[in-house]
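Below is one structure; the comments refer to it alone.
The values are calculated or read from the model by the stated rules, or taken from the named source; none is laboratory data. These numbers were taken from a predicted model, which means no experiment stands behind them. Cβ placement follows ideal geometry from the backbone for every residue including glycine, while neighbour counts extend to all protein chains displayed.
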Amino acid sequence: MAGAAGTALCLNWLVFGRLGDGQGWFALLVSTYLTFLACFFIATADRYGRLVATDRTITVVVVSAGGVVLAALASLVIFILVLGLKALRPGFFTSDQTGITPLLPSTEGGGSHAVVGTLEQTALSLVLSLPLSLGAAVFLNESRSRWRRPVRIFVDAMSGLPSIVCGLFIFAVFIQPHAKDAAIFGFNGLMASLSLSLIMIPTITRTVEVVLRLVPDGLREASLALGASRARTVWSVVFPTARTGMTTAIVLGIARCVGETAPLIYTAFGYDLMNANPFNGSQEALPLFVFRNVQKPDQTAIERGFAGALVLMVIVLALFALARYLGRDRTRRAAPSRRWRPRAPRPTQEVRP
Amino acid sequence: MDAETPVASPPRRPRVVVDEPARVDRVFDAVTFWSGFSVLVLLSIVGLFLLTSSGDSLGQTGLWTFLTRVEWRTDVQPARIGVLGLLVGTVVVAVIAVVLAVPVGVLAALFITDYSSARLRRVLIGLVDLLAAIPSLLFGVWGFVLLSNQMVPVSRWISDHFGWIPFLATEPNRDLTGSMFIAGVVVGIMVLPIITSVAREVFSQAPPGEKEAALALGSTRWGMIRTVVLPYGKGGIVGGTMLALGRALGETIAVALLLPQVPLVSKNILEYGGATVSGFIATHSGGDPFTVSGLMAAGLVLFIITLGTNMMASVVVSRSRSGVGVEL
């Protein structure tokens, strides 16, 4: 294998060195990889036959596909880390963009206004959407109503609503017609939270419903057979069993909401200074801060944007780690009988737009 | 029952099932019903509003004209708006993304289920989930600043060597940044975790008995995968692909950063230029009511396409042998 790799590299080095057509790293990579595969196949086929050679070659291809996924992740994380650390200083969390001009170095000023905005908007949208979506998930799974089917269809359909359309919807319903009348209908954090909740409601409803479905029916029946009411069953049996999964689902929903940019363009609008009041005046959020700064022509703004991107990434990674931590299998030692032990369900957040 | 046993005749009425909910149950039923119902109402309001507010611009333009016109000009009177230029870009970018991501994603899923050790598998599943949790903005920024420049020689190379394929040709001396190809690559990386996790889910459910049978008959690992795992997971692969396509169609921020967002129909995907529906909406904020109504109509068209793709995905997955228990 190493031999084949060496051969391929040398061969291509030779070809490219001689021809020297300067096509960049990609051409070298592709042709080296293909030559490597060919050499590997020929070498193995010579010794073990065609069947084994195919098997081994496919193994190499499969492993390299895994490598590509890892490389993409690593490249993204490292890139943002390196560029973000250049401009990220403790001052980022204490100051806003007051008096910042393009000529000042990117370590001046900060994004505290964006952090505050993100926190407020996320909290508000959580307050708006969590009760509704939890209730809807319970409704879908624990009731016997005829309305379950239409509700499920609508929730499924709406989870495919492009996020930008959510923002546009809020803009067209509230901001455009009513912004002149009252500040609460202008560009502000509340409007951003409304559009974010439109995204969160279907997401959280779906994931929590999946988690509730994984609670074994035997547990419910046992509780009902003991004479508990259905409300009591849900409260004392279903919820405790599904708690870890539900928490994981909600935390992942928050992580999704924190990084959502598109709906904010039409609702929070973005602002360079601190505005801690989410009900009045346009507000900044971390994703917007990144989005707006990266598009500016001056280098310092781009660097500031990357500082914001780094903070955003750390927040998302922290939420992700929190979800993993909460969702870990804690029942293993407590309940050795594996028969009925509900699997700590992994929410399927990741496979849904 | 009636004919053979005339003995137990007296009460022929079926036993009455009494479901007298306790008071707490009535409250519980009411609360859950109303939250479910209000979600339904809320979401249908969104849908209805989309329909009615796009009605303004659609009525003025005409549905067919709107769907087939390329240009989007609101500065002239009467405004000439159409969604074709945006739709073509949207579909091209999404298709490039899926074409690039499907092979890699499926192979990576195979690596996770059938090649890695149990320990490595858990780590890899976590990493793929992590890749899915990263906001699309960060992918967009990464593509915008890093990949965009790195990809220019790649585009040049492709057009030099494969320029005989019509859509891979480029005019000489054209700018190759900000092309639909680059946007497609970035969106492809973004949808990679979706394909990988759906494919992994179905591959991991491939029946172990059949796999062992294949191996016991002397098949190599690849032979086992080709004859058992891949046929079993076919529905999952197709469904995951369509799910990823739906996601790629609706992707906003990355394409808003990467593409110039000027509507056009071009067959040269490697050249500067291109627009997608969601990206176009994102870069045209704050217009007059008519523009907003037009954007709404564009969003509605996109929503319908995405909806169709997602629904087909779930039908395909749930109909297939492997996808019964898979949650999309």
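Before we move on, is A:ARG206 touching a residue at least 12 places away in the same chain (Cβ under 8 Å), in the same structural domain as A:VAL165 (by TED's automatic domain parsing) and in a helix (DSSP H, G or I)?
On the way: touching a residue at least 12 places away in the same chain (Cβ under 8 Å): yes; in the same structural domain as A:VAL165 (by TED's automatic domain parsing): yes; in a helix (DSSP H, G or I): yes.
Judged against the criteria, A:ARG206 is a match.
How many residues does the stretch B:133-176 hold that are free of Cβ contacts under 8 Å to residues at least 60 places away in the same chain, under 30 Å from A:MET313 (Cβ atoms), touching a helix residue (DSSP H, G or I) at 6+ places or on another chain (Cβ under 9 Å) and part of a helix (DSSP H, G or I)?
11
To keep it simple, each residue is scored yes or no on (1) more than 17 Å from A:CYS166 (Cα to Cα); (2) crowded, with 21+ Cβ neighbours inside 10 Å; (3) modelled with pLDDT of 90 or more; (4) in contact with a Phe, Trp or Tyr (Cβ under 6 Å, 6 or more places away or on another chain).
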position: B:MET224; (1), (2), (3), (4): yes, yes, yes, no
position: B:GLY236; (1), (2), (3), (4): yes, yes, no, no
position: B:THR252; (1), (2), (3), (4): no, yes, no, no
position: B:GLN261; (1), (2), (3), (4): yes, yes, no, yes
position: B:LEU295; (1), (2), (3), (4): no, yes, no, no
position: B:MET312; (1), (2), (3), (4): yes, no, no, no
position: B:ARG321; (1), (2), (3), (4): yes, no, no, no
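In the set B:ALA213, B:ALA248, which member is under 20 Å from B:TRP142 (Cα atoms), out of contact with any strand residue (DSSP E or B) (no Cβ under 6 Å at 6 or more places or on another chain) and either assigned to a helix (DSSP H, G or I) or at pLDDT below 85 (or both)?
From the options B:ALA213, B:ALA248, the qualifying one is B:ALA248.
Check whether at least one residue in the stretch A:267-274 is aromatic (Phe, Trp, Tyr), farther than 29 Å from A:GLY327 by Cα and at pLDDT 85 or above, and report yes or no. Can you show your working first?
First, the residues of the stretch A:267-274 that are aromatic (Phe, Trp, Tyr): A:269, A:271.
The next check asks that each one be farther than 29 Å from A:GLY327 by Cα; those that pass are A:269, A:271.
Among the residues that remain, those that are also at pLDDT 85 or above are: none.
No, the stretch A:267-274 contains no residue that is aromatic (Phe, Trp, Tyr), farther than 29 Å from A:GLY327 by Cα and at pLDDT 85 or above.
Does A:ARG144 fit the bill of being more than 7 Å from chain B (Cβ to nearest Cβ), surrounded by fewer than 23 Cβ atoms within 10 Å (Cβ to Cβ) and assigned to a helix (DSSP H, G or I)?
No.
Can you find a residue in the stretch A:21-29 that is modelled with pLDDT of 85 or more and more than 30 Å from B:VAL141 (Cα to Cα)?
Narrowing the stretch A:21-29 to residues modelled with pLDDT of 85 or more: none.
There is no residue in the stretch A:21-29 that is modelled with pLDDT of 85 or more and more than 30 Å from B:VAL141 (Cα to Cα).
Taking the stretch A:35-56, which residues are part of a helix (DSSP H, G or I) and under 16 Å from B:SER219 (Cβ atoms)? Talk me through it step by step, then tell me what you get.
Residues of the stretch A:35-56 part of a helix (DSSP H, G or I): A:35-48, A:50-56.
Hits for the stretch A:35-56 are A:TYR48, A:ARG50, A:LEU51, A:VAL52, A:ALA53, A:THR54, A:ASP55, A:ARG56.
Can you pull out every residue in the stretch A:211-241 that is of a type in the set (A, V, I, L, M) and under 26 Å from A:LEU124 (Cβ atoms)? Outline the logic, then answer.
As a first pass, look at the stretch A:211-241 and keep what is of a type in the set (A, V, I, L, M): A:211-212, A:214-215, A:219, A:222, A:224-226, A:228, A:231, A:234, A:237-238.
Residues satisfying the conditions are A:VAL211, A:LEU212.
Which condition from (1) surrounded by 23 or more Cβ atoms within 10 Å (Cβ to Cβ); (2) part of a loop (DSSP other than H, G, I, E, B) is the one that B:PRO193 breaks?
The number of the failed condition is (2).
Kindly indicate whether B:TRP142 is within 12 Å of another protein chain (Cβ to nearest Cβ), buried (at least 22 other Cβ atoms within 10 Å of the Cβ) and not aliphatic (A, V, I, L, M).
Yes.
Before we move on, is A:LEU128 at the interface with chain B (Cβ under 9 Å from one of its Cβ atoms) and surrounded by fewer than 22 Cβ atoms within 10 Å (Cβ to Cβ)?
Taking the combined requirement at face value, the residue does not satisfy it.
Condition first: surrounded by fewer than 18 Cβ atoms within 10 Å (Cβ to Cβ) and either in contact with a strand residue (DSSP E or B) (Cβ under 8 Å, 6 or more places away or on another chain) or not in a helix (DSSP H, G or I) (or both). Now tell me which residues in the stretch B:29-62 satisfy that.
B:GLY62 - this is the single residue of the stretch B:29-62 that is surrounded by fewer than 18 Cβ atoms within 10 Å (Cβ to Cβ) and either in contact with a strand residue (DSSP E or B) (Cβ under 8 Å, 6 or more places away or on another chain) or not in a helix (DSSP H, G or I) (or both).
What about B:ILE182, is it of a type in the set (A, V, I, L, M), within 23 Å of B:VAL265 (Cα to Cα), at pLDDT 80 or above and out of contact with any Cys (no Cβ under 9 Å at 6 or more places or on another chain)?
Judged against the criteria, B:ILE182 is a match.
Is at least one residue of the stretch A:277-286 in a helix (DSSP H, G or I), surrounded by 20 or more Cβ atoms within 10 Å (Cβ to Cβ) and of a type outside the set (Lys, Arg)?
The first filter runs over the stretch A:277-286 and keeps only residues in a helix (DSSP H, G or I), leaving A:286.
Then keep just the ones that are surrounded by 20 or more Cβ atoms within 10 Å (Cβ to Cβ); that gives A:286.
Among the residues that remain, those that are also of a type outside the set (Lys, Arg) are: A:286.
Yes, the conditions are met somewhere in the stretch A:277-286.
Could you tell me which numbered condition A:LEU83 fails, if it satisfies all but one of (1) part of a helix (DSSP H, G or I); (2) surrounded by fewer than 17 Cβ atoms within 10 Å (Cβ to Cβ)?
(2)
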